[in-house]
Structure formats: structure tokens, C-alpha cells
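The values are calculated or read from the model by the stated rules, or taken from the named source; none is laboratory data. Note that the coordinates shown come from a computational prediction; the quantities given were computed from them, not determined experimentally. Remember, those area values only see protein heavy atoms, side chains included, never the ligands or the DNA or RNA. Shrake-Rupley method; radii C 1.70, N 1.55, O 1.52, S 1.80 Å.
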Amino acid sequence: MHTGLIVAAQSESELAAVLAHEIAHVTQHHMARMASKDGQLSMAMMVAMALAILSRNSQVGSAAAAIGQASAITAQIGFTRDFEREADRLGILTLEKSKYDVRAMPDFFLACKKRAPVREQRTGLFAHPPGNHRAHCDAQNRIQGVPYRQTPDSLDFQLVRAKLRAEQGTPRETLVQMQSDLQDKKFSNEIAARYGFAVALLRAKQPARAELNSRR
């Protein structure tokens, strides 16, 4: 749980979706199960490396090492994919029971894919394997038939997110952006928007304007 996640989430349901997904990883002991699997994969890689060392043909030896490493990585990605699907499934159930919008999960995965570096999009590898395109599609399929539920954000979430946004970037750039959003009414909650603007004003060392803004 970090500030970047709160800023990246466009709604409280999206934040809840990520937390529900990660909670499922914990309750299903995925880290412990992955550690056990990693031990088996390491043995396979050691055997491949031994064959490479014993081989008198350098090309054959290099190929054996490469194949062993690739096989281990492929197995690990496949194992992780199963965990991700399980975390998706249980996370969506947790969202539904908590009365959050289950559609927030595929929405957040799709937003993550759009923000991912081009290099990662080309290779299909993301910071949270095995790729947010897969995650978006799987989550989208899982919510089919689930009744639509519109869940408004709490004021607490809006205030925290506004404060974190106001603390990003340079004071001047952030102040210009926050003021523009407020003037153009690009906000879902005016109280939170004005609070964020006040924080930006304080960062820019304009306490008088911040106090004036807080009175409106």
C-alpha cells in the first residue's frame, strides 16, 4: 500500500480492488507456495547448467543452459498465472461482499496497461505478472452477470487523494494544475478539490490565498 497506488486509483472501488486482490494472495499463501515451487525450478536450472559444463561442444552447452533457464522461467510464469487468476476470483468476491463496484478491478487493470512502458507492453511482461491485458480480460469475464452497483467515494478517500496529488511534482506546476482543475470543474468532489488546491498553495508559500480558498 503506497501513495502512488492511491493517486493512480480513479475511485475508492479501484483502490479496494487492488487491496482485495493482494489480500487473496496472502490468504491463499501464494508466497509460501511460490517459494516451494522456486526450489524445484532451481534444481531444474542446476541440472541444465551441469549438462552445459560437462558438454564438450560449446554450442550444445550454451543451448542446454539457455533451454534450462527458459524452461524454468516459463514454468514460473505459468505458476504465477494460476495465482493471479485465483487472486482475481477471490478479490472480486471480496469486492462484492464489501459492496464496492466489482467493475473497478478490470478498469484499474486496463488503466495500468495504458500506463505501462512500451517495452513491457511489447514483451507482455509487467511489474505485476503475467500482464495487465490478461488481468483485464480475466476480470472482465468474471464480472459478467454481476448486477451493476454504483458505489460513491467516501470523502476521506477524496481528501487523501487530493492531498497526495497536491504534494506531487514541483510546487508551481502542481499549483497551476490544481487551480485549472478547480476552475474547469474537473473534479468529482468540490470540497476535496478545494482542499487539494489549498495544500498546493501552502507548498507554493501562499498561505493567505490558501486561507481565502478555505473560506469559500
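Take Phe83: with every protein chain present and a 1.4 Å probe, its accessible area is about 10 Å². With a threshold of 22 Å on the Cα-Cα distance, the over-threshold entries among Lys113/Lys186; Lys163/Lys185; Lys114/Lys185 are Lys113/Lys186; Lys114/Lys185. Taking θ as phi - 60° and the Karplus parameters 6.51, -1.76 and 1.60, the scalar couplings of region 164-170 work out to 5, 5, 5, 8, 8, x, 6 Hz in sequence order, x denoting glycine and proline. Relative contact order for region 153-216: 34 percent, from Cα pairs under 8 Å spaced at least 6 residues apart, divided by residue count.
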